[in-house]
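J.: Just dropping this structure here.
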Amino acid sequence: MLIAHVIGELISTHKHESHAGRKALIVQPLDLDGSKRGDAVIAFDAVDAGVGDRVLLVTEGFSAMTSVGRPESPIDMAVVGVIDRIDLDLLARPPASRK
Amino acid sequence: MFLGRVVGTVVSTMKDAALKGQRLLIVQPLKPDLTETGKCIVMLDAVGVGPGELIYWCRGKESSFPFLPAEVPTDNTIVGVVDNIHLEGSR
């Protein structure tokens, strides 16, 4: 799972039938320091998250399609949680990897 | 899933039997601000898209699910046409 920030929504009419009725979010994966981790991706919403939320993102098909209730459908990413708080023990990691 | 734009097609005669009749499209991956990112990818089309269209696609084993019960050997498939993108702070 990745930590990510919901930065937008995607609207599509012409799409695979299994995607109907599911909200597509544009989410930006983040590093622990809050910086961007690669490019933003499109994920279906399993928890009623919205723009501005910090969320948990799964990037693997089985977990994604089961969480949004669409088995055997072409879904590879889903938002499966809204993050309330992250507690980090920075001293538990060597300085070079504190990101 | 990822954003992209259809920039071309591939024609192939000798290919896996399960790929017969499938359209092979070349897609340029995009960021949400529609700037290009990464290199172009060849993928199948599960919804019927046209040249130049803004699309989103699915990666991995899941990308073969639109073609079930046929077992189509693909690793990337277009699964939707993008109408609109609403980004935070842009409304």
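J.: Pick from A:A4, A:A49, A:A64: which is under 16 Å from B:K31 (Cβ atoms), small (G, A, S) and crowded, with 22+ Cβ neighbours inside 10 Å?
T.: Residue meeting the stated conditions: A:A4.
J.: Right, next: Of the residues in region B:9-39, how many are within 11 Å of another protein chain (Cβ to nearest Cβ) and polar (S, T, N, Q)?
T.: Here is the first cut: in region B:9-39, the ones within 11 Å of another protein chain (Cβ to nearest Cβ) are B:29-33, B:35-38.
Still in the list and also polar (S, T, N, Q): B:35, B:37.
So the count comes out to 2.
J.: Can you pull out every residue in region A:20-79 that is in contact with a Leu (Cβ under 7 Å, 6 or more places away or on another chain), over 23 Å from B:N76 (Cα atoms) and away from chain B (no Cβ under 12 Å)?
T.: The answer is A:L32, A:A49.
J.: Scan region A:1-49 for residues that are closer than 15 Å to A:V68 by Cβ, more than 15 Å from the chain's Cα centre (by Cα) and not small (G, A, S) and jot them down.
T.: Selection gives A:K15, A:H16, A:E17, A:H19.
J.: Sticking with this structure for a sec: Do we find that A:S12 is of a type in the set (S, T, Y) and without any contact (Cβ under 8 Å) to a residue 24 or more places away in the chain in this structure? If you could, list the steps in order and put the result at the bottom.
T.: On the way: of a type in the set (S, T, Y): yes; without any contact (Cβ under 8 Å) to a residue 24 or more places away in the chain: yes.
Yes: the conditions hold for A:S12.
J.: Please tell me if A:S35 is surrounded by 12 or more Cβ atoms within 10 Å (Cβ to Cβ) and modelled with pLDDT under 95.
T.: Numbers: surrounded by 12 or more Cβ atoms within 10 Å (Cβ to Cβ): no; modelled with pLDDT under 95: yes.
Spelling it out, it is not the case that A:S35 is surrounded by 12 or more Cβ atoms within 10 Å (Cβ to Cβ) and modelled with pLDDT under 95.
J.: Sort out which residues of region A:52-88 are part of a helix (DSSP H, G or I) and of a type in the set (S, T, Y), and write them in order of number.
T.: We begin by selecting, within region A:52-88, every residue part of a helix (DSSP H, G or I); these are A:61-67.
Result: A:S63, A:T66, A:S67.
J.: So, one more: Taking the options A:M77, A:M65, name whichever one is under 26 Å from B:M1 (Cα atoms), within 14 Å of the chain's Cα centre (by Cα) and at pLDDT 95 or above.
T.: Details: A:M65 fails: at pLDDT 95 or above.
Of the residues listed, the single one that is under 26 Å from B:M1 (Cα atoms), within 14 Å of the chain's Cα centre (by Cα) and at pLDDT 95 or above is A:M77.
J.: For A:I3, which of the numbered conditions (1) assigned to a strand (DSSP E or B); (2) within 13 Å of chain B (Cβ to nearest Cβ) fails to hold?
T.: Failed condition: (2).
The values are calculated or read from the model by the stated rules, or taken from the named source; none is laboratory data. For clarity, every value in this text was computed on a predicted model and none was experimentally measured. Cβ atoms come from the backbone with ideal geometry, glycine included; neighbour counts cover every protein chain shown.
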